[in-house]
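Have a look at the structure below before the remarks.
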Amino acid sequence: MTTTTTATTSTCPAGNEYDATAGACLIACKGGQFRSMDATVVASVQGNASVGVCVSCPTGEFREGDDVLKDACRPCPAGTSNPRPGQIACVPCSVQGFQAYQDETKATTCKTCPANTRRANSRGVMDSQTQTGVSITECECEKGYYNQKVNKTGETCIECPKGATCAGGTDRAL
C-alpha cells in the first residue's frame with residue numbers, strides 16, 4: 001500500500017507558496033523573474049514538491065519582487081525601456097538623455113528625437129519622477145534652431161538664419 005502526502009501551507013519549502021487550486025506548493029520567484037509551469041518538480045521538503053521554475057523576464061519587460069502577477073512579466077510602459085533581461089523595473093527615457101523618448105510599450109531602447117531637437121521639458125534637468133519621453137511630439141527645436149512650421153513639434157529643425165534670433169522650442173526665427 002502506497003501513502004500519498006498532500007502538501008499544505010505549512011509544508012511548502014521556505015519562500016514557496018501553497019496553491020489550493022493546483023493542490024501543490026508553487027515555487028516563488030524573486031523580482032525580475034516569473035514562474036513558468038513548463039517545468040515540474042524543482043524542490044522537495046518532507047516529500048512535498050514545489051512545482052514550477054523561475055525564468056528571467058525578457059528584455060522590454062519587468063516584474064517587481066512583490067508583484068501579485070507571479071506567472072508573467074509586465075511590458076515596459078511607453079516612456080520607458082529595458083535592454084536587459086531579469087529586471088525589476090524599466091528605465092524612464094527621461095533619464096536616458098534630453099533627446100530620448102519611447103511611444104511604444106515593451107521597448108528595449110528609447111528612440112531619439114529628430115535632428116536639432118530635444119524633449120520640450122528637458123531644458124536643464126532630467127527627471128525620473130514625471131512621465132515624459134512618451135511621444136515624438138515632445139521634441140522641440142534646440143536653441144539656435146527653428147522649424148519653418150510655427151508651433152510644430154516632432155520634426156527636424158534647421159539652423160537659425162544669420163542675423164536672426166532662434167530661441168528654440170516652437171518659436172519661429174525672429
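The values are calculated or read from the model by the stated rules, or taken from the named source; none is laboratory data. Because the structure is predicted, anything quoted here is derived from the model rather than measured. Counting neighbours? That spans all protein chains shown, and the Cβs are built from the backbone with ideal geometry, glycine included. Heavy atoms of the whole protein, side chains included, go into the accessibility calculation; ligands, DNA and RNA do not. Shrake-Rupley method; radii C 1.70, N 1.55, O 1.52, S 1.80 Å.
Numbers at a glance
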| quantity | calculated |
| --- | --- |
| Every residue from region 129-174 that is open to solvent by less than 60 Å² (accessible area, probe 1.4 Å) and among the polar types (S, T, N, Q) | Thr132, Ser135, Asn147, Thr153, Thr170 |
| Positions within region 156-173 being at pLDDT below 90 and in contact with a Pro (Cβ under 8 Å, 6 or more places away or on another chain), in sequence order | Ala173 |
| Matching residues, region 60-117, being of a type in the set (Phe, Trp, Tyr) and within 8 Å of the chain's Cα centre (by Cα) | Phe62 |
| Of residues in region 76-97 being surrounded by 19 or more Cβ atoms within 10 Å (Cβ to Cβ) and touching a helix residue (DSSP H, G or I) at 6+ places or on another chain (Cβ under 9 Å), the one modelled with the lowest pLDDT | Ser94 |
| Pairs where the first residue, in region 57-78, is free of Cβ contacts under 8 Å to residues at least 40 places away in the same chain and the second is exposed (fewer than 15 other Cβ atoms within 10 Å of the Cβ), C-beta under 8 Å, 6+ apart | Phe62/Ala89; Arg63/Leu69; Arg63/Ala72; Glu64/Ala89; Gly65/Lys30; Asp71/Ser36; Asp71/Met37 |
